[in-house]
1. Can you go through A:Asp133, A:Asp182 and tell me which one is surrounded by fewer than 20 Cβ atoms within 10 Å (Cβ to Cβ), more than 8 Å from every other protein chain (Cβ to nearest Cβ) and at pLDDT 95 or above?
2. Tell me whether segment B:138-155 contains one or more residues that are under 30 Å from A:Ile154 (Cβ atoms) and within 14 Å of chain A (Cβ to nearest Cβ).
3. Out of all the residues in segment B:170-179, which are at the interface with another protein chain (Cβ under 10 Å from one of its Cβ atoms) and among the basic types (Lys, Arg)?
4. For segment A:158-174, how many residues are in a strand (DSSP E or B) and among the polar types (S, T, N, Q)?
5. Could you grab me the full set of residues in segment B:185-215 that are at pLDDT below 95, of a type in the set (Gly, Ala, Ser) and open to solvent by 40 Å² or more (accessible area, probe 1.4 Å)?
6. Give just the number: which of (1) open to solvent by less than 30 Å² (accessible area, probe 1.4 Å); (2) at the interface with chain B (Cβ under 7 Å from one of its Cβ atoms); (3) in contact with a helix residue (DSSP H, G or I) (Cβ under 8 Å, 6 or more places away or on another chain) does A:Gly167 not satisfy?
7. Return yes when A:Lys54 is among the basic types (Lys, Arg) and modelled with pLDDT under 95 and no when it is not.
8. Report, ordered by the first and then the second residue, all pairs with beta carbons closer than 6 Å, sequence separation of six or more or different chains, a first member in segment A:98-124 that is farther than 23 Å from A:Val29 by Cβ, and a second member that is of a type in the set (S, T, N, Q).
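The values are calculated or read from the model by the stated rules, or taken from the named source; none is laboratory data. In this text the structure is predicted, and so the values were computed from the model without any measurement. Here the Cβ is made from the backbone with ideal geometry for all residues, glycine too, and neighbour counts use every protein chain on show. To get the accessible areas, we keep the full protein, side chains included, count just its heavy atoms, and leave off ligands, DNA and RNA. Shrake-Rupley method; radii C 1.70, N 1.55, O 1.52, S 1.80 Å.
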2 protein chains.
Amino acid sequence: MTASPSGTTEVYVDFLCPYAWRGVELAAVLRQEGQAFRLRHFSLTQGNHPDNAKGTVWWLTDQPLGEGDRFQQASLPAFLSAQAAARQGEEQAWAYTLALYRAHHEHKQPLEEATFVQAARDAGLDLNRWEADRQDESGLRASLRADLADAAEIGVFGTPTFVLPDGSAAYYRFENLTRDPDTARQWWALYGEVLNAGAGIATIKRAKNRPARRS
Amino acid sequence: MTASPSGTTEVYVDFLCPYAWRGVELAAVLRQEGQAFRLRHFSLTQGNHPDNAKGTVWWLTDQPLGEGDRFQQASLPAFLSAQAAARQGEEQAWAYTLALYRAHHEHKQPLEEATFVQAARDAGLDLNRWEADRQDESGLRASLRADLADAAEIGVFGTPTFVLPDGSAAYYRFENLTRDPDTARQWWALYGEVLNAGAGIATIKRAKNRPARRS
């Protein structure tokens, strides 16, 4: 596993996932409050691939661009574009990730080249550097592979999954979006309480026909 | 759906499930504190049956006793024995359910006839009446079927699943056992907070390779 600074929470995300978007927005608010988060990538296409039922043998990073179903074709270049953005630094990684999530899930733009370029502009990236870094496809695949390998070792199965500094890790799916610091702190504190509870909570999951109400 | 008195939380359980045991123990403590719970039955064998992937067509209550895999063969008579105990009243239903859970999960007794009889004794049932009620197998199957049908309508997929008076329903899996009132209240309050949170929490579930630590 690659190491994060102690005290850092890792958040595994896939650009395909609207719940990961909500998780990234939550983490972004908490970062403004001084809490440390690190973005990591987990592939739902890989995680749900039938060849991977007993362990990962099919890796997204081994697939050519432009192959597979539409989710695979959308997510691989999105991940690689974000890996390129991250080479400009942590703030740029967050800015690009937020911009791409908002473009796709808030503004319903497809995960394709024009959207990546617009997100890079919106994020204020150095565009020439970003385009140059994108040419190093093998390097970007290698850094994506490191994320996917760590996710597989942890047993991530959905996004967003947060890995706390103490090593506890859980999928946290919530329906609503907040950019309010007080609200974000409450939602985050409750998640921490569940993971730290003396009960040893493994799962709280709503029954299939009783979804959470949107507030 | 059959109606419970308002203010009553229903708890769906399967005698096969060690997490349902912990849930029943929690509810039993809270009942002593004056909170209303009603026992309901959900069948994991039915819920996980491959024929039921798109809706329930295979019902445990349509199966002969003594057929199917060992889980099916253990759970059907256990459910029916508990349905018979419930005819003696709510307190007797709880006493029998607790006795049978403890026999199976705490004392590692198999779910079979000798264990049912011992649990009935431990629960202080009227044994003659219980044995007579057990002869009404079609009636017991009908009341079990009502539970299974309600569970299917709610979308229960695991045990224990609690259905709160407001209709919200979620699987609550925790690793540890408590019979302490203060602890039980805390664990229950946290579950309620998750279901009522403004975030609209659908799922908190640990990553597969990071189980909850037992305290």
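1. None of the other options fit; the residue is A:Asp182.
2. Yes, segment B:138-155 contains at least one residue that is under 30 Å from A:Ile154 (Cβ atoms) and within 14 Å of chain A (Cβ to nearest Cβ).
3. Correct list: B:Arg173 only.
4. Of the residues in that region, 1 qualify.
5. The answer is B:Ser215, and nothing else.
6. (3)
7. yes
8. Once the first residue is farther than 23 Å from A:Val29 by Cβ and sits in segment A:98-124, its partners that are of a type in the set (S, T, N, Q) give A:Thr115/A:Gln109; A:Phe116/A:Ser81.
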